[in-house]
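Novice: I am attaching a structure below and will ask some questions about it afterwards.
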Amino acid sequence: MARRKFRRPLGERRYKKLFVIATEGAETEPRYFKMFEGDGSVVHVHSLKGKNRSAPPQVLKRMNDYLKEKGLKNSDEAWLVVDTDQWTEAQLQQLHQWSQAKENYGLAVSNPQFEFWLLLHFEDGNDVGTSRECVTRLKRQLPGYQKGAVDVKQFTSGVADAVERASRRDTPSCADWPRTTGTTVYRLVQSLTANC
């Protein structure tokens, strides 16, 4: 019996743009960003998370280790995602310097924490100054909210609103990270959604 030759169907195979995201949080942030990778999407999100190593230098180390081992195409993007709530200016400056090294590197910082970005999916977040206030307000919008047990479907309809609210707060646009309540996560999300 003659063997049949395998033929790959003709057509265009679209390259999935890779977003490598090193996050401070081990659960909430990776789950959130993974929602941008759906059926038929040309985006692939690879989150680098650490269990108890969330300080900015450790987030940066995870990214550098990954890039050293795997590399990054010029069309792909690498992002660091951290909060300001407990880190020093010097630690954040180290991440900002890294993000300036290449055009496809980015830094997304939330002040005081990532939950502020989540809150912007539902409201303007006015008068939020501390992490505690941020979580309290988010729980008003999502009763039963628990960090690490996020149902990302609750945020999908509010992504465009969150981007608009965050970008409006970031006027004039900060060069590095927000010094008052705000977030630059919208910049990463704009890049993700532009490629979905």
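Quick note: the coordinates plus some simple rules give every number you see, no bench work behind them. Since the structure is predicted, the reported quantities are computational estimates derived from the model, not experimental observations. No Cβ is skipped: glycine too gets one built from the backbone with ideal geometry, and neighbour counts run over all protein chains shown.
Novice: Can you list residues whose amide H is under 5 Å from W79's amide H, if they're 5+ apart or on another chain and H is modeled 1.01 Å from N?
Specialist: V20, I21, A22, G106
Novice: Please list the non-local residues whose amide H lies under 5 Å from the amide H of H44, H modeled 1.01 Å from N, same-chain partners needing a gap of 5 or more.
Specialist: Under 5 Å from the amide H of H44 lie the amide H atoms of K17, L18, F19, each far enough along the sequence or on another chain.
Novice: Now for a different question. Provide L72, L107 in ascending order of the number of other Cβ atoms located within 10 Å of each residue's Cβ, fewest first.
Specialist: L72, L107
Novice: Something else about it: Taking +1 at the Cβ of each Lys and Arg and -1 at the Cβ of each Asp and Glu, which of G106, Y66, A175 sits farthest along the dipole of the chain towards its positive end, judged by Cα position relative to the Cα centre?
Specialist: Y66
Novice: How large is the helix-only mean residue ellipticity at 222 nm for the chain, computed as the sum of -39500 (n - 2.57) over DSSP H runs with n ≥ 4, divided by its residue count, in deg cm²/dmol to the nearest 500?
Specialist: Computed ellipticity for the chain at 222 nm equals -10500 deg cm²/dmol.
Novice: Please go through region 96-196 and write out the GluC sites (Glu not before Pro) that DSSP classes as loop and that have at most 16 other C-beta atoms within 10 Å.
Specialist: Values: sites: E103, E115, E123, E133, E164; in loops: E103, E123.
Filter output for region 96-196: E103, E123.
Novice: Another question about this same structure. Lys and Arg at +1, Asp and Glu at -1: add these up for the other residues within a Cβ distance under 13 Å of L120 and post the number.
Specialist: The answer is -2.
Novice: If amide hydrogens are placed 1.01 Å from N in the peptide plane, which non-local residues have theirs closer than 5 Å to the one on G182?
Specialist: Residues meeting the criterion, in which the H sits 1.01 Å from N, are N111.
Novice: Across the chain, how large is the tail of the calculated P(r) beyond 27 Å, expressed as a percent of all Cα pairs? Can you show the working numbers first?
Specialist: On the way: 5647 of 19110 pairs.
Cα-Cα pairs of the chain separated by over 27 Å account for 30 percent.
Novice: In addition: To the nearest 20 Debye, how big is the dipole of region 17-194 about its Cα centre, given +1 on the beta carbon of each Lys and Arg and -1 on that of each Asp and Glu?
Specialist: That gives a dipole near 380 debye.
Novice: While we're on this one: Towards the positive end of the charge dipole of the chain, with charges on Cβ (+1 Lys, Arg; -1 Asp, Glu), say which of V42, F155, C134 has the farthest Cα.
Specialist: Of the options given, the answer is V42.
Novice: Any chance you could run the full-extension gain for Q58 through T156? It's 0.36 nm times the residue separation minus the Cα-Cα distance, nm to one decimal.
Specialist: Working: separation 98, 0.36 × 98 = 35.28 nm, distance 2.96 nm.
Residue separation times 0.36 nm, minus the Cα-Cα distance, leaves 32.3 nm.
Novice: Additional query: To check you understand DSSP bridge types, tell me what percent of the beta bridges within the chain (both residues inside) are antiparallel, rounded to 5. The partial results should precede the final answer.
Specialist: Details: 2 of 19 bridges.
Beta bridges within the chain, antiparallel portion: roughly 10 percent.
Novice: Test of understanding: in a Gaussian network model of the chain with alpha carbons linked when under 10 Å, which of R169, R31, R140 would top the mean-square fluctuation ranking?
Specialist: With Cα springs under 10 Å in the chain, the top fluctuation among R169, R31, R140 is at R140.
Novice: Ok, one more. Within the chain, which is the longest segment that contains none of the chymotrypsin sites (Phe, Trp or Tyr not before Pro) sitting in a DSSP loop with at most 12 other Cβ atoms within 10 Å?
Specialist: Free of exposed loop sites, the longest segment is 16-196.
Novice: Springs between alpha-carbon pairs under 10 angstrom, Gaussian network model over the chain: which of D161, D127, D85 fluctuates most?
Specialist: Most flexible of the set in this elastic network: D127.
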